[in-house]
Amino acid sequence: MSRPLEESPYAFTAPPLVEAVPTARERVADRARWLGLHLGEEMINDLKLLTGELVANSVTHTKAACVVCVRWTGERLRVEVTDADPTTVTPSQALSTDEHGRGLFLVAALATEWGTHPCTAGKTTWFELAVPTSTKQTATLTSSQSDMPVERVIVTCAGSAHLTFATAVPIAGVHPRVEHQAA
């Protein structure tokens with residue numbers, strides 16, 4: 001039996017190291033390709049850049065692991081980064097001489113839409129990229145998701161309309177509500 005792609009998110013845990021950002025970028029791009037989305041080089045570069053900004057912000061400011069979730073909504077590719085800090089993010093006012101502080105301006109400029117909201121674990125920051133109609137494929141997934149971890153949990157975030165599938169990951173000092181998915 002097959003399921004629509006939008007019901008099949010893909011998630012992984014990024015360790016709390018800036019050195020983990022390139023791997024997270026590549027995993028997100030690989031997932032977009034696996035979904036059958038032919039995004040083109042420019043859109044893949046944007047996807048990697050935006051993913052890198054959100055993951056780098058998360059691991060830099062929280063010093064903790066974060067969960068990255070990739071999903072196809074049927075019209076947009078959505079990437080969510082959930083971390084342990086409940087403080088929602090806003091673009092900062094970087095000076096021209098500052099070396100940091102422009103990442104969220106890049107996200108706002110390149111993403112179709114983006115946002116942040118508090119959740120049980122802390123907060124989720126996300127972005128979406130509209131995929132041009134000519135690149136969409138009507139793919140479905142089989143119920144034997146061989147690339148998904150055997151042990152999966154549903155992490156529900158307050159205020160979120162989406163469920164995130166992820167491997168269980170301890171986030172220091174936070175006790176998120178976790179429900180196990182039926183097999």
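What follows is calculated from the coordinates using simple rules that are stated; it is not laboratory data. Bear in mind that the values here come from a model prediction, so they are computed numbers and not experimental data. FYI the Cβ positions are ideal-geometry reconstructions off the backbone, even for glycines, and counts take in every protein chain you see.
Of note:
- Cβ-defined net charge surrounding P16, 13 Å radius [Lys, Arg +1; Asp, Glu -1]: -2
- Residue-wise HN-Hα coupling along the stretch 26-34, computed from phi with Karplus coefficients 6.51, -1.76, 1.60 (Hz; x: Gly, Pro): 5, 5, 5, 5, 4, 5, 4, 5, 4
- Taken along the Cα-to-beta-carbon direction at a fixed 7 Å, the label points for E41 and E26 span 1.9 nm.
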